[in-house]
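Trainee: My questions all concern the structure below.
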Amino acid sequence: MEFTVVIILFIAGIILIVKGGDYFVDAASWMAEVSGIPRLIIGATIVSFATTLPEVLVSVMAASKGKVDMSIGNAIGSVTANIGLIMAISIICIPAVIRRQDYLIKSALMLAAAVLIVIAGSSGEMGFVMSAMLFAVCVIFFWENVSAARKSLKEKKEGTSRMGARPDRREIGINIVKFIIGAIGIVWGADLLVDNGSELARMAGISERIIGVTIIAIGTSLPELITTITAILKKQSSLSVGNIIGANIIDLTLILPLCSLLAGKPLPIAEVSASLDLPACLLVGGIALIPAMISEKFRRWQGILLLAVYGIYVFLTCTM
C-alpha cells in the first residue's frame, strides 16, 4: 500500500472517531436524561457494549484463526490500557466524589473477573469451567444494571416527573441515528487507525511484537478513549467511568469465554502473559477501584500512579 494512501486512511480514522465520539456521548447523555436511568448505568451497559466492539471483533477473529495469544492478549491488554491509560486520564482531568453504592458491585465484579483470569494464568489455560465462571460474572453484571435501572425508573415515577414535554418522534429518531452513526464512526475509525497505524509502524521497521503491545491494544481501546475524552469535555464523568468499568467487565467476561467456545478447546495462556500481563491487569484495577471504594473519591494521585504503572508495564512488555 502506498504511503500517501496509508496517511489519508489514518487521518480519516482520526476524524471518524472524534466526530463519532461526539455524536455517541450526546446521544447517550440524552438517553439518560429522557429515560431517567443514571448516566453511570447507561455508560456501563449501552455505551460500554458498543465501545468494546473492536476488542470483540479482533479477539474473536483471532481465536477463529487459531491465534490464541493475540485473542487473549488483546482482551487483557485492552483492559490494562482502559484503566492504566484512559481511566487515568479521566481521573486526572476530573477527580470526582462518588457514591459507593453506585460503583461497589461493578467494581467488585471487575476485580473478581481479573482475579479469575490470574488464577487461569497460573494453571496455564482458560478452560471450560473458568470460561463458565467468567460468563456468570457477565450475566450478574447485566442483571445488576437492569435491576438498578428499574429501581431508578420506579423512584422517578414516585417522585418528581421529568421537567418539560416528552420527546417527540423526531427528537427520538435524531438521537437514535446519532447513537448508531456515532458507534459506527468510532468502531470504523478505530479499525482504520489500527490497520494503517500498524502499516506505518511496519514501514518504519518497528517489530510485530511492539505493534501488538502498543498499536493493537491501545488502538482497540480508542473508542473508550474517545468516549472518555468527549465525556470529559462535556463534564459527563459518570458516563466516562461507567463506560470504562463496563467495557472492562465485558472484555474479561464475554470475549474470553467466546474465544474459548470458538476454539473448541481450552485456550493456552503463555507464560509471559501469566507472569506479566494478567497480574498487571489486576494491579491497575486495584489501584483504580479499591481506594475509590474506601474513600468514595477518585483522586488525581490514582490517575498519576496508574499512568506510571502502565508506562512501566509497556516498557517491560517491549523488553521481554
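Trainee: Sum up the charges of everything whose Cβ sits under 13 Å from the Cβ of LEU306, counting Lys and Arg as +1 and Asp and Glu as -1, but leave LEU306 out.
Mentor: Every neighbour counted, the sum reads +2.
Trainee: On to the next question. Taking amide H atoms as placed 1.01 Å from N in the peptide plane, list the residues 5 or more away in sequence, or in a different chain, whose amide H sits under 5 Å from that of GLU125.
Mentor: Correct list: ILE269.
Trainee: For a footprinting-style exposure proxy, rank ASP26, ASP168, ASP251 by other Cβ within 10 Å, fewest first.
Mentor: By the 10 Å Cβ count, ascending, the order reads ASP168, ASP26, ASP251.
Trainee: Let me ask you something else. Just to be sure I understand the model, the point goes 7 Å from the Cα along the line to the Cβ. What's the resulting THR4 to ILE180 distance in nm?
Mentor: So the label points at THR4 and ILE180 sit 3.6 nm apart.
Trainee: Ranked by Cβ crowding within 10 angstrom, fewest neighbours first, how are MET293, MET110, MET31 ordered?
Mentor: By the 10 Å Cβ count, ascending: MET293, MET31, MET110.
Trainee: Ranked highest first by the average count of other Cβ atoms within 10 Å around their residues, in what order do 279-286, 82-89 fall?
Mentor: Highest-to-lowest ranking by the protection proxy: 82-89, 279-286.
Trainee: Now for a separate question. So which trypsin sites (Lys or Arg not before Pro) in region 72-107 are both in a DSSP loop and have at most 12 other Cβ atoms within 10 Å of their Cβ?
Mentor: Sparse-neighbourhood loop trypsin sites (Lys or Arg not before Pro): ARG99.
Trainee: With the cut-off at 26 Å, tell me which of the pairs LYS178/LYS234; LYS234/LYS297; LYS106/LYS154; LYS19/LYS151; LYS106/LYS265; LYS151/LYS297 have Cα atoms farther apart than that.
Mentor: As for pairs spanning more than 26 Å Cα to Cα, those are LYS19/LYS151; LYS106/LYS265.
Rule-based calculations on the coordinates, nothing more; no lab input. Predicted model, so just to flag it, every value in this text is computed and none were measured. Glycine also receives a Cβ, built like all others from the backbone with ideal geometry; neighbour counts cover every protein chain displayed.
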